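Chemist: So that we are looking at the same thing, I have put the structure below in structure tokens.
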Amino acid sequence: MKRPALGQRSATALALAAATALTALGLTACLGDSPEPATLVMRGGRVHTMDARGTQATAVAVRGNHIVAVGSDADVYRYIGARTQVIELQGHAVLPGFIDTHIHPVMGAERLAQCSVDGVQLTVADIVSYALADCLPFEQNPSPEKWIQIANVNPAGFVATTTDLDQISSTRPVALHGIDGHTEWVNHVALQRAGITAATPDPVGGQIERDANGEPTGFLKDDAQGLVDSIIPPLSADDRIALTAQALALARSHGITSVQDAWASQEALDTYEAMEGARTLDMRVRASLMSTIGDDEAEYQRLIGIRAHFAGHPLVRADSVKIFSDGVIEYPTQTAAMTKPYLDANGQPTANLGGRYFDTAVLGRYVTRLDKEGFSVHVHSIGDYTTHALLDAFETAKAANGDTGNRHEIAHLQIVDPADFPRFAQLGVYANMQLFWALPDEYSIDAVQPFIAPDLFRYMYPAGSLKAAGATIIGGSDWPVDAMPGDPMPNTPLSAAQSAITRANPFEPAYAGMTLDIEEAVTIDDVMAAYTINAARALKQDATTGSIEVGKLADLVILDQDPWQVDPTALLGVTVLDTIFDGRIVHDAASAGAATAKARTLHALATLKRLSGHEPAKRPTRDHTNEVHPAIVPRATR
Ligand SMILES: [Zn+2]
Ligand SMILES: [Zn+2]
């Protein structure tokens, strides 16, 4: 890394002290109008302001937490005073701090505390031996009551039964959490503790898998996970705060300075509020409040109350509501709601159209009311059926309320009907995409392609088509949905850019030479805007963030290479040198080292290599996070 050491910065400041001394002697006039000095100046770089005119600059000056000058090195020179910290960029790139519009920091933090299999594709036998050799011997305070939890199980093609998991323990409850957050596998003791029997109905929004005799197999999909998760003792508030701090530090190491928590629970809100109060948050948090589709006055009032509670908080807002309208598309879960049935192993249509988890009339009333109350609505949607229904609901809201200025978002958009592409622009609905996933891998190729109609597969993560139809694309990681061995947060704005542009898999040789719907590729302009100014607009914070302009907050990222100059297949290698939040350097690559690495990673990695029989590639693993409703209402019939 070629960035100047702190010593050089100090030397620069010292050299400039002379100029300031002249000012003190009353020679100001010779130097022109000297403004109040900046606290931080960076110059000699490639500054991509992302403003409306696409201005390029070389220097930025910051005073306190605001940007006071943007322009050439000469333009900012007069802002340098005796105590100004000067960063000589030496050609490095500067962008607005990245905004991750769909992430689950607190939920992901909880996973940091669990024994992880890092999304590596494994059999249940592998996981049993991993648990016995690498999890249980390292447990802190084991007790007969304590849950054994394994995180980040790759669900693509994974099969496990209660009997399999009894091999981990037949006396303690065991739960395996799918990395997609939509899947969970438990043992007999866990089923008993949760009271799940053949007589238990499927909960709204979820499915309990059953064998030929109607007995639960231990596989729980979507909201059925809540039956078990709701009885697992929660982390202590202190542990949650400490783990969330780790998660947010990881995000800052990727240049992220604002997040939208895409399923904010009360625990998450309490965590952010405590960190904000302790001045340790160092992140702008827009909470998208977890809710369920239902025309329920008490729920509207609960949401309004939370929003009011956070009004006036400097870093935390809660003016968005998150719902989820279907599950996931991958075999064997297949709960994403589709217009055409899933196919069987012979390519023949089955009876399965996915999980139709809502009533369209109720959805319309719910979205209309939230829109009227001033909430932006943010929805998880994978299947084309759900996205169509959601656009209908937003259309209903617009017809009833007019243009309220809310900025609704549909997240994921794995399969979209081409007829719906123009409706995003027409209705002002943002396309919240996780473009890191737009590549050929075991999910898209192995667990989806054979099981859906080819004309649907043509429009997997259709970013190019959406953009061509005028939609605004915004970027999100959906962390902790992705993990790789040794890298707990591989889905970054830059790795997403690489996938979005190349639609190719750089991690796994098995997919070399393939692309995923290359017609859907977008450009570096699109992806960088998706993580900066467009994201800021979607989150209603474009007046203060999202571009580098005088008067905006000083949230900035310094990259070792200019993403516009790098070959798209090398974007993964672009490194964040510094992240500046609110005018302060909150991540410095030179000094960060491995501070955020998990202590057990190396040990676990050795085992994972042994289990998978080869050096695991840095493979992408993903799906959707643990979006489990807090209250499970049993379905009356079925
Ligand atoms: Zn999510
Ligand atoms: Zn989701």
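The values are calculated or read from the model by the stated rules, or taken from the named source; none is laboratory data. All of these numbers come straight from a predicted model, not from anything done at the bench. Cβ coordinates were reconstructed from backbone atoms using ideal geometry, including for glycine residues, and neighbour counts include every protein chain displayed.
Chemist: In the range 372-399, which residue that is assigned to a helix (DSSP H, G or I) and charged (D, E, K, R) is nearest to ligand 1 (Cβ to nearest atom)?
Modeler: Filtering first and then ranking leaves 384.
Chemist: Let me ask something else. Looking at the range 332-381, which of its residues are of a type in the set (Lys, Arg) and at pLDDT 95 or above?
Modeler: 340, 365, 369, 372
Chemist: Within the range 350-366, can one find any residue that is surrounded by fewer than 18 Cβ atoms within 10 Å (Cβ to Cβ), among the basic types (Lys, Arg) and either free of Cβ contacts under 8 Å to residues at least 24 places away in the same chain or not in a helix (DSSP H, G or I) (or both)?
Modeler: Yes, that holds for at least one residue.
Okay, residues lined up against (1) within 15 Å of ligand 1 (Cβ to nearest atom); (2) farther than 23 Å from residue 507 by Cα:
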| site | (1), (2) |
| --- | --- |
| 409 | yes, yes |
| 418 | no, yes |
| 422 | no, yes |
| 428 | no, yes |
| 439 | no, no |
| 442 | no, no |
| 447 | no, no |
| 452 | no, yes |
| 456 | no, yes |
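Chemist: What about residue 287, is it within 16 Å of ligand 2 (Cβ to nearest atom), touching a residue at least 60 places away in the same chain (Cβ under 8 Å) and in contact with an Asp or Glu (Cβ under 9 Å, 6 or more places away or on another chain)?
Modeler: No, not satisfied.
Chemist: Now a separate question. Can you pull out every residue in the range 177-192 that is farther than 18 Å from residue 158 by Cα and either touching a strand residue (DSSP E or B) at 6+ places or on another chain (Cβ under 9 Å) or at pLDDT below 95 (or both)?
Modeler: If the condition is that a residue be farther than 18 Å from residue 158 by Cα and either touching a strand residue (DSSP E or B) at 6+ places or on another chain (Cβ under 9 Å) or at pLDDT below 95 (or both), then 188, 189, 190, 191 are the ones that fit.
Chemist: Modelled with pLDDT of 95 or more and assigned to a strand (DSSP E or B): is that true of residue 287 in this structure?
Modeler: For residue 287, the condition - modelled with pLDDT of 95 or more and assigned to a strand (DSSP E or B) - is met.
Chemist: A follow-up question, please. Could you pull out the residue among 220, 191 that is within 14 Å of residue 332 (Cβ to Cβ) and either within 16 Å of ligand 1 (Cβ to nearest atom) or not hydroxyl-bearing (Ser, Thr, Tyr) (or both)?
Modeler: Only one candidate qualifies: 220.
Chemist: Please specify each residue of the range 271-292 satisfying the condition of being of a type in the set (Val, Ile, Thr) and surrounded by fewer than 23 Cβ atoms within 10 Å (Cβ to Cβ).
Modeler: 280, 292
Chemist: With the requirement that a residue be among the basic types (Lys, Arg) and either in contact with a His (Cβ under 7 Å, 6 or more places away or on another chain) or within 14 Å of residue 471 (Cα to Cα) (or both), what does the range 393-451 give you?
Modeler: Those that are among the basic types (Lys, Arg) and either in contact with a His (Cβ under 7 Å, 6 or more places away or on another chain) or within 14 Å of residue 471 (Cα to Cα) (or both): 407, 423.
Chemist: Something else now. Can you work out which of the residues in the range 526-576 that are touching a helix residue (DSSP H, G or I) at 6+ places or on another chain (Cβ under 9 Å) and of a type in the set (Gly, Ala, Ser) is surrounded by the fewest Cβ atoms within 10 Å (Cβ to Cβ)?
Modeler: Per the stated criteria, the residue is 543.
Chemist: As an exercise: evaluate residue 104 against (1) more than 15 Å from residue 181 (Cα to Cα); (2) within 16 Å of ligand 1 (Cβ to nearest atom) and give the number of the one condition it does not meet.
Modeler: Here residue 104 clears every test but (1).
Chemist: Check whether at least one residue in the range 481-489 is in contact with a Leu (Cβ under 7 Å, 6 or more places away or on another chain), more than 16 Å from ligand 1 (Cβ to nearest atom) and aliphatic (A, V, I, L, M), and report yes or no.
Modeler: Checked the range 481-489: no residue is in contact with a Leu (Cβ under 7 Å, 6 or more places away or on another chain), more than 16 Å from ligand 1 (Cβ to nearest atom) and aliphatic (A, V, I, L, M).
Chemist: Keeping to the range 481-526, report how many residues are part of a helix (DSSP H, G or I), within 17 Å of residue 447 (Cα to Cα) and within 16 Å of ligand 2 (Cβ to nearest atom).
Modeler: Within the range 481-526, residues that are part of a helix (DSSP H, G or I), within 17 Å of residue 447 (Cα to Cα) and within 16 Å of ligand 2 (Cβ to nearest atom) number 0.
Chemist: Please indicate, with yes or no, whether at least one residue in the range 442-462 is hydroxyl-bearing (Ser, Thr, Tyr) and at positive phi.
Modeler: yes
Chemist: Right, next: Which one of the conditions (1) at pLDDT 95 or above; (2) crowded, with 23+ Cβ neighbours inside 10 Å does residue 120 fail to meet, given that it meets all the rest?
Modeler: Among (1) at pLDDT 95 or above; (2) crowded, with 23+ Cβ neighbours inside 10 Å, residue 120 violates only (1).
Chemist: Listed residues 225, 260; which is within 16 Å of ligand 2 (Cβ to nearest atom) and either over 17 Å from residue 323 (Cβ atoms) or within 18 Å of the chain's Cα centre (by Cα) (or both)?
Modeler: The conditions single out 260.
Chemist: Take the conditions touching a helix residue (DSSP H, G or I) at 6+ places or on another chain (Cβ under 7 Å), within 28 Å of residue 276 (Cβ to Cβ) and either modelled with pLDDT under 80 or of a type outside the set (Val, Ile, Thr) (or both) and apply them to residue 596. Does it pass?
Modeler: When the stated conditions are applied, residue 596 passes them.
Chemist: Answer yes or no as to whether residue 124 is closer than 30 Å to residue 584 by Cα and away from ligand 1 (no atom under 16 Å from the Cβ).
Modeler: Taking the combined requirement at face value, the residue does not satisfy it.
Chemist: If we only count helices (runs of 4 or more DSSP H) wholly inside the range 7-113, which ones have 3 or more residues that are at pLDDT 80 or above and crowded, with 24+ Cβ neighbours inside 10 Å?
Modeler: Of the helices (runs of 4 or more DSSP H) lying wholly inside the range 7-113, those with at least 3 residues that are at pLDDT 80 or above and crowded, with 24+ Cβ neighbours inside 10 Å span 105-112.
Chemist: Next up: Kindly list, by first and then second residue, each pair from a residue in the range 472-489 that is over 19 Å from residue 322 (Cβ atoms) and among the hydrophobic types (A, V, I, L, M, F, W, C) to a residue that is assigned to a loop (DSSP other than H, G, I, E, B) and away from ligand 2 (no atom under 14 Å from the Cβ), limited to pairs with Cβ atoms under 6 Å and residues at least 6 apart or on different chains.
Modeler: Partner pairs satisfying both residue conditions: 483/118; 483/119; 484/490; 484/618.
Chemist: For the range 313-334, which residues satisfy the criterion of being of a type in the set (A, V, I, L, M) and part of a strand (DSSP E or B)?
Modeler: Passing the criteria: 316, 318, 321, 323.
Chemist: Collect the residues in the range 39-98 that are touching a Pro at 6+ places or on another chain (Cβ under 9 Å), farther than 19 Å from residue 535 by Cβ and not hydrophobic (A, V, I, L, M, F, W, C), keeping them in residue-number order.
Modeler: 63, 78, 79, 81, 83, 84, 88, 90
Chemist: Another question, then. So the check is Cβ under 9 Å with 6+ separation or different chains; which pairs have a first residue in the range 394-421 that's closer than 29 Å to residue 477 by Cβ and aliphatic (A, V, I, L, M) and a second one that's more than 16 Å from ligand 1 (Cβ to nearest atom) and in a strand (DSSP E or B)?
Modeler: The qualifying pairs are 415/460.
Chemist: Of 345, 337, which residue is part of a loop (DSSP other than H, G, I, E, B), within 16 Å of ligand 2 (Cβ to nearest atom) and hydrophobic (A, V, I, L, M, F, W, C)?
Modeler: One residue alone meets the criteria, 337.
Chemist: Taking the options 295, 326, name whichever one is touching a residue at least 24 places away in the same chain (Cβ under 8 Å), surrounded by fewer than 22 Cβ atoms within 10 Å (Cβ to Cβ) and either more than 30 Å from residue 243 (Cα to Cα) or touching a helix residue (DSSP H, G or I) at 6+ places or on another chain (Cβ under 6 Å) (or both).
Modeler: 295
Chemist: Which condition does residue 307 not pass, out of (1) in a helix (DSSP H, G or I); (2) in contact with a helix residue (DSSP H, G or I) (Cβ under 7 Å, 6 or more places away or on another chain); (3) under 27 Å from residue 434 (Cα atoms), if it passes all the others?
Modeler: Result: residue 307 fails condition (2) only.
Chemist: Restricting to the range 438-477, name every residue that is of a type outside the set (A, V, I, L, M, F, W, C), surrounded by fewer than 24 Cβ atoms within 10 Å (Cβ to Cβ) and part of a helix (DSSP H, G or I).
Modeler: Selection gives 442, 446, 449, 450, 454, 455, 464, 465, 467.
Chemist: Looking only at residues that are within 16 Å of ligand 1 (Cβ to nearest atom) and assigned to a helix (DSSP H, G or I) in the range 245-270, which one is surrounded by the fewest Cβ atoms within 10 Å (Cβ to Cβ)?
Modeler: 268
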